Amino acid sequence: MSSASTSTAQVAQQKKQQELQNTYSNYKSTLQQLAQKIGDVEQDADEHKLVLESLAPAPADRKCFRMVNGVLVERTVGEVRPSLETNAEGLKNVLDGLVKEYKRVQDEMEAWKAKNNVQVVQQ
């Protein structure tokens, strides 16, 4: 084999290696972003749950305050509780969707790693 063809083969191998590294980095970045979103939504859901638990024993006509678009407004527990429950349910649905998306991307990455015989080496 001539040195020119060896050099071309080395360049092709390096290009393939770089493409694999880029794809792996993209998968890892996507998974990290999803994990961050999952953490944020879990925190919001926990806060809603805590507020709902705090309001549970309160009478419906009791005064309470709620932040709406950065403005603190006075309402009653009876007015606030339904919207909090709706928001909590919406957060649960979003969280379920994010977890499914994380699992899908993770499975896709594992299949890609197996297909391309990629082994992760920790540095």
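Computed extension gain for ALA9 through GLU47, at 0.36 nm per residue and net of the alpha carbon distance, reaches 8.0 nm. For THR76, the residues whose modelled amide H falls within less than 5 Å of its own, excluding neighbours fewer than 5 places apart on the same chain, are CYS64.
Principal axis analysis of the Cα atoms in the range 1-91 yields extents of 88, 24, 14 Å, listed in decreasing size. In the structure shown, the pairs LYS16/LYS37; LYS37/LYS92; LYS49/LYS100; LYS28/LYS100; LYS28/LYS115; LYS28/LYS103 are assessed against 24 Å; a Cα-Cα span above that value is assigned to LYS16/LYS37. With a Förster radius of 35 Å applied to the C-beta separation of ASP61 and ARG104, the computed FRET efficiency comes to 0.15.
Along the range 29-45 the Karplus relation, 6.51 cos²θ - 1.76 cosθ + 1.60 evaluated at θ = phi - 60°, assigns HN-Hα couplings of 5, 4, 5, 5, 5, 5, 4, 5, 5, 4, x, 5, 5, 4, 5, 4, 5 Hz to successive residues, with x for each Gly and Pro. Near ASP96: Cβ cut-off under 13 Å, other residues only, Lys/Arg at +1 and Asp/Glu at -1. The net charge is +2. Considering only VAL77, VAL11, VAL41, the mean-square fluctuation computed in a Gaussian network model of the chain, springs between alpha carbons under 10 angstrom, is largest for VAL11.
Residues VAL73, VAL94, VAL120 in ascending order of nearby Cβ atoms (within 10 Å, fewest first): VAL120, VAL73, VAL94. Computed from backbone phi with θ = phi - 60° and the Karplus coefficients 6.51, -1.76 and 1.60, the 3J(HN,Hα) list for the range 65-76 is 10, 9, 8, 10, 6, x, 10, 7, 10, 8, 9, 9 Hz; x is used for glycine and proline. Note on MET109, MET67: ascending count of other Cβ atoms within 10 Å places them as MET67, MET109, the fewest first. Using only Cα atoms, tell me the angle between helix 77-115 and the longest principal axis of the chain; keep it within 0 to 90° and round to the nearest 10. Result, in degrees: 10.
All of the numbers you see were taken from the coordinates with simple rules; none came from a lab. Computed from a predicted model, the values in this text were never measured in an experiment. FYI the Cβ positions are ideal-geometry reconstructions off the backbone, even for glycines, and counts take in every protein chain you see.
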